[in-house]
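Visitor: Below are the structure tokens for one structure; questions will follow.
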Amino acid sequence: MMNGRIGRLLVAFAVSGAALALAPAASAQSKLGVVDTQRAIMETEDGLRAQATLKKMFDSRQRELDKKQDDLQKEREDIEKQKDVLSKGALAKRVEKWQREMVQLQTVFVEYNKELQKKQNELTQPVFQKAMGIIRRLATQEGYDLIVDKQAVPYVRSDLDLTDKIITLYNSGAGGTAAEKGKPGDKPGAASRAPTPAVPALRQPPALSPVPAAPAPKP
């Protein structure tokens with residue numbers, strides 16, 4: 001570490017409160033840096049590919065949900081038109097079927113969101129781990145005592161921002177893993193999960209107005 005005397009290495013990604021708690025440990029001669037973790041990971045070549053894959057998957061699932069929603073809306077309109085023509089029993093069966101399909105649509109919506117979350121973790125976690133290894137290596141080689149997430153601090157000088165450098169090192173194949181060992185006394189950062197990529201959440205199907213019940217028989 002700097003002048004061979006400082007044995008700590010903190011790659012910290014935490015809320016601003018945690019960052020403030022660490023501040024007293026940074027003395028005037030300490031070498032500090034910040035990284036925009038979200039951008040550092042998502043703007044690497046692997047991160048961009050992960051986002052493209054997630055976006056393609058998202059678009060496919062959203063189209064499926066929209067189609068199911070449209071089909072249910074058309075079915076509801078048809079039931080409305082047929083309510084005075086169908087027998088009470090036939091109308092009740094169609095209404096019951098429509099209600100079941102509405103419940104199924106909500107279930108599919110939840111399942112698709114879980115599927116997207118799982119795929120997101122699969123694609124971004126390896127990128128995250130590699131980027132963390134690069135940050136640790138950079139900190140060790142260049143004598144950084146503290147590197148924090150840019151989102152955890154209200155202000156930082158532009159010359160302390162290492163984000164572009166991390167992206168360049170990653171894309172150049174610099175390597176490094178989160179398990180890479182530092183010097184004795186070094187401590188890993190608090191983060192263990194990759195930031196969420198910029199993929200929009202699925203639109204929840206709006207609740208359709210209920211199908212009217214069969215009219216009561218006239219006396």
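The values are calculated or read from the model by the stated rules, or taken from the named source; none is laboratory data. Just so we're clear, the structure is a prediction, and the values are computed from it rather than from any experiment. When we count neighbours, we look across all protein chains shown, and the Cβ atoms used for this are built from the backbone with ideal geometry, even at glycine.
Visitor: What about Leu123, is it in contact with a helix residue (DSSP H, G or I) (Cβ under 8 Å, 6 or more places away or on another chain) and closer than 12 Å to Lys31 by Cβ?
Guide: No, not satisfied.
Visitor: Here are some residues: Tyr170, Tyr144. Which one is surrounded by 14 or more Cβ atoms within 10 Å (Cβ to Cβ), aromatic (Phe, Trp, Tyr) and touching a Leu at 6+ places or on another chain (Cβ under 9 Å)? Reasoning before the result, please.
Guide: Values: Tyr170 fails: touching a Leu at 6+ places or on another chain (Cβ under 9 Å).
Exactly one residue qualifies, and that residue is Tyr144.
Visitor: Take Val95 and tell me if it is in a helix (DSSP H, G or I) and surrounded by 12 or more Cβ atoms within 10 Å (Cβ to Cβ).
Guide: Values: in a helix (DSSP H, G or I): yes; surrounded by 12 or more Cβ atoms within 10 Å (Cβ to Cβ): yes.
Criteria met by Val95.
Visitor: I'm checking my understanding of the structure. Among residues of the range 127-141 that are among the β-branched types (Val, Ile, Thr) and within 13 Å of Ile41 (Cβ to Cβ), which one is surrounded by the most Cβ atoms within 10 Å (Cβ to Cβ)? Please lay out each step first, then the result.
Guide: Residues of the range 127-141 that are among the β-branched types (Val, Ile, Thr), as a first pass: 127, 134-135, 140.
Within this subset, residues satisfying the condition of being within 13 Å of Ile41 (Cβ to Cβ) are 127, 134-135.
Values: Val127: 23, Ile134: 26, Ile135: 28.
Among residues in the range 127-141 that are among the β-branched types (Val, Ile, Thr) and within 13 Å of Ile41 (Cβ to Cβ), the one surrounded by the most Cβ atoms within 10 Å (Cβ to Cβ) is Ile135.
Visitor: Could you list all residues from the range 131-164 that are at pLDDT below 95, touching a helix residue (DSSP H, G or I) at 6+ places or on another chain (Cβ under 8 Å) and of a type in the set (D, E, K, R)?
Guide: Asp145, Asp149, Lys150, listed by residue number.
Visitor: Could we say that Ala216 is under 30 Å from Ala92 (Cβ atoms), among the hydrophobic types (A, V, I, L, M, F, W, C) and modelled with pLDDT of 55 or more here?
Guide: Details: under 30 Å from Ala92 (Cβ atoms): yes; among the hydrophobic types (A, V, I, L, M, F, W, C): yes; modelled with pLDDT of 55 or more: no.
Spelling it out, it is not the case that Ala216 is under 30 Å from Ala92 (Cβ atoms), among the hydrophobic types (A, V, I, L, M, F, W, C) and modelled with pLDDT of 55 or more.
Visitor: Could I ask something else about it? Look at Gln69 and say whether it is among the polar types (S, T, N, Q), in contact with a Pro (Cβ under 9 Å, 6 or more places away or on another chain), assigned to a helix (DSSP H, G or I) and over 25 Å from Lys130 (Cα atoms).
Guide: Working: among the polar types (S, T, N, Q): yes; in contact with a Pro (Cβ under 9 Å, 6 or more places away or on another chain): yes; assigned to a helix (DSSP H, G or I): yes; over 25 Å from Lys130 (Cα atoms): yes.
Criteria met by Gln69.
Visitor: Moving on to the next point. Hey, does the range 36-45 have a residue that's surrounded by fewer than 17 Cβ atoms within 10 Å (Cβ to Cβ), modelled with pLDDT of 95 or more and outside any strand (DSSP E or B)?
Guide: Checked against the condition, which is being surrounded by fewer than 17 Cβ atoms within 10 Å (Cβ to Cβ), modelled with pLDDT of 95 or more and outside any strand (DSSP E or B), the range 36-45 yields at least one hit.
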